[in-house]
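The values are calculated or read from the model by the stated rules, or taken from the named source; none is laboratory data. Worth saying up front: this structure is predicted, and the values here are computed from it rather than measured. With ideal geometry, Cβ positions are generated from the backbone for all residues, glycine too; neighbour counts draw on all protein chains shown.
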Amino acid sequence: MLTLHLPCARGTELCVDKELQALGAAEVRRGAGVVRCTGGWDLVARANVFSRCASKVLVELAVFQGIDSEAELVDALAGVPFEDRLDEKGTFAIEAHLVDCAWNNAHYAAQRTKDAVLDRLRAQGKGRPSVDRARPSLRFVLHWHLTTVTLSLDSTGEPLHQRGYRRGVEGTAPMKETLAASILAIGNTDVTRPFLDPCCGTGTLAIEQALRALKRAPGRDRRFGFERWSKRAPELDGALARARTEARDTELAELPAPIRLSDWHRDAVADATTCIDNAGLGEHLACERLDAREAVKSAGEHPLVVSNLPFGERLGGDDKKRLQLEGFYRTLGERLRTLHDARVLLFSAHPRARELLALDAVARTKRDWALRSGALPARLYRWDLP
């Protein structure tokens, strides 16, 4: 039985927990920014193919307790059988994460762990593999928190948020796909209700809602890090083939409800259209150029209105732009208050978002969750309107 660690954005751990439960994981435990569980190689393949909210699937190799110094860690690593995973034909890299421990330089930690790997292989009479930081055969992940060190193997490779549909819009700074999927899960966005994102940016929320609605597994067609392991467990290939077959067999051909997206900025409309085409969703989605407040007027019956609102993080001391943004929030709130039997799910790092939107007084129910927009603290707000 393997122990798996699935890192995720802070505040989205419950989403990953539920995904793992649905995939048949055992002993699921939530931490801060990570969910741990146990399972076999079949779960490793299925979690990589089907998870929408986790960023990686790490396979635990060793845990060391009571590590207070570099020397103690090096001694502990000397006992790890790296030769069971790696030979001179392969390449490897080390990724280090340090939290309140004896080291404070992640680059040095990675370098020292790399030396420990090579020392162990040399002591076992094995050849020297090469280091490849960009695309290694194996990537080891070292996490040192206080006096506990966990060494894992990255089974995923490129992070799971990299779905592949952002080609051509890499210069923008959109919401991560995994965060968008988590927002939809947290807000319980029913795929059978009409969906509208009136401030769509690159279209991430609408695209992720479409993938959910079509039951399209985000990792259905991608390559994973474990496919480059020369010494991988033989059952992994079969598990991946079964997971991909299951993903294709369960996918739907049509959306159960319409999904609309729009933005006032021409560049955003162009970027969203590129992402829609890259995602293979051109027959299901089309981005319009429309003011958000006008878009809300035609939200449909019993709609879901979901958006990542602008919050002016780059406005600085520009009072005119600040007042314009606050006016946008106020008038958007006015339009939203005219909707009936709607669920409104809005993500923003604007400190006065709730006050400016003024939906609390008219909502049947209201909730909010603390998340982050990159490095900024943000909140996800949900209102059910009567």
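So the values come out like this:
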item: Any chance HIS302 is touching a residue at least 40 places away in the same chain (Cβ under 8 Å) and surrounded by fewer than 16 Cβ atoms within 10 Å (Cβ to Cβ); result: yes
item: Yes/no for ALA26 being crowded, with 17+ Cβ neighbours inside 10 Å and at pLDDT 95 or above; result: no
item: Candidates ASP84, ASP115, filtered to the one that is more than 26 Å from GLU227 (Cβ to Cβ), loosely packed, with under 15 Cβ neighbours inside 10 Å and either touching a Phe, Trp or Tyr at 6+ places or on another chain (Cβ under 7 Å) or assigned by TED's automatic domain parsing to the domain that holds ASP68 (or both); result: ASP115
item: Selection status of LEU77, buried (at least 20 other Cβ atoms within 10 Å of the Cβ) and out of contact with any strand residue (DSSP E or B) (no Cβ under 7 Å at 6 or more places or on another chain); result: yes
item: Inter-residue pairs, beta-carbon under 7 Å, first more than 19 Å from LEU153 (Cα to Cα) and in region 61-79, second loosely packed, with under 13 Cβ neighbours inside 10 Å and not hydroxyl-bearing (Ser, Thr, Tyr), 6+ apart; result: none
item: Those residues of region 40-78 which are part of a strand (DSSP E or B) and in contact with a helix residue (DSSP H, G or I) (Cβ under 8 Å, 6 or more places away or on another chain), in sequence order; result: VAL59, ALA62, PHE64
item: Flag for ALA361 being over 20 Å from THR204 (Cα atoms), in the same structural domain as SER182 (by TED's automatic domain parsing) and either loosely packed, with under 13 Cβ neighbours inside 10 Å or of a type in the set (Phe, Trp, Tyr) (or both); result: yes
item: Looking only at region 310-324, and only at residues there that are over 28 Å from the mean Cα position of the chain (by Cα) and at negative phi, the one that is modelled with the highest pLDDT; result: GLN324
item: Test: residue in region 142-153 that is surrounded by fewer than 21 Cβ atoms within 10 Å (Cβ to Cβ), of a type in the set (A, V, I, L, M, F, W, C) and at positive phi; result: yes
item: From the options ASP154, ASP115, residue that is over 22 Å from the mean Cα position of the chain (by Cα) and over 25 Å from PRO303 (Cβ atoms); result: ASP115
item: Checklist (1) free of Cβ contacts under 8 Å to residues at least 24 places away in the same chain; (2) surrounded by 14 or more Cβ atoms within 10 Å (Cβ to Cβ); (3) in a helix (DSSP H, G or I) applied to ASP267, failing item; result: (2)
item: Count of region 79-136 residues which are assigned to a helix (DSSP H, G or I) and either in contact with a His (Cβ under 9 Å, 6 or more places away or on another chain) or not hydroxyl-bearing (Ser, Thr, Tyr) (or both); result: 19
item: Selection status of THR178, β-branched (Val, Ile, Thr), modelled with pLDDT of 95 or more, under 17 Å from PHE50 (Cβ atoms) and surrounded by fewer than 19 Cβ atoms within 10 Å (Cβ to Cβ); result: no
item: Criterion violated by ARG163 - all others in (1) among the basic types (Lys, Arg); (2) farther than 26 Å from CYS287 by Cα; (3) buried (at least 19 other Cβ atoms within 10 Å of the Cβ) satisfied; result: (2)
item: Any chance ARG379 is more than 24 Å from GLY11 (Cβ to Cβ), surrounded by fewer than 21 Cβ atoms within 10 Å (Cβ to Cβ) and touching a strand residue (DSSP E or B) at 6+ places or on another chain (Cβ under 8 Å); result: no
item: Selection count, region 182-198, where residues are under 14 Å from HIS265 (Cβ atoms) and not in a loop (DSSP other than H, G, I, E, B); result: 1
item: Per-region count, region 270-285, residues over 18 Å from GLU170 (Cβ atoms) and either surrounded by fewer than 16 Cβ atoms within 10 Å (Cβ to Cβ) or in contact with a Cys (Cβ under 6 Å, 6 or more places away or on another chain) (or both); result: 3
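Quick grid of which residues meet (1) out of contact with any Gly (no Cβ under 7 Å at 6 or more places or on another chain); (2) assigned to a loop (DSSP other than H, G, I, E, B); (3) not aliphatic (A, V, I, L, M):
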site	(1), (2), (3)
HIS340	yes, yes, yes
LEU345	no, no, no
PRO351	yes, yes, yes
ARG354	yes, no, yes
VAL362	yes, yes, no
LYS366	yes, no, yes
ALA370	no, no, no
ALA378	yes, no, no
ARG382	no, no, yes
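A quick yes/no check of all residues on (1) surrounded by fewer than 16 Cβ atoms within 10 Å (Cβ to Cβ); (2) in contact (Cβ under 8 Å) with a residue 60 or more places away in the chain; (3) out of contact with any helix residue (DSSP H, G or I) (no Cβ under 7 Å at 6 or more places or on another chain); (4) not in a helix (DSSP H, G or I):
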{"residue": "CYS200", "(1), (2), (3), (4)": "no, yes, no, yes"}
{"residue": "ILE207", "(1), (2), (3), (4)": "no, yes, no, no"}
{"residue": "ALA210", "(1), (2), (3), (4)": "no, yes, yes, no"}
{"residue": "ALA241", "(1), (2), (3), (4)": "yes, no, yes, no"}
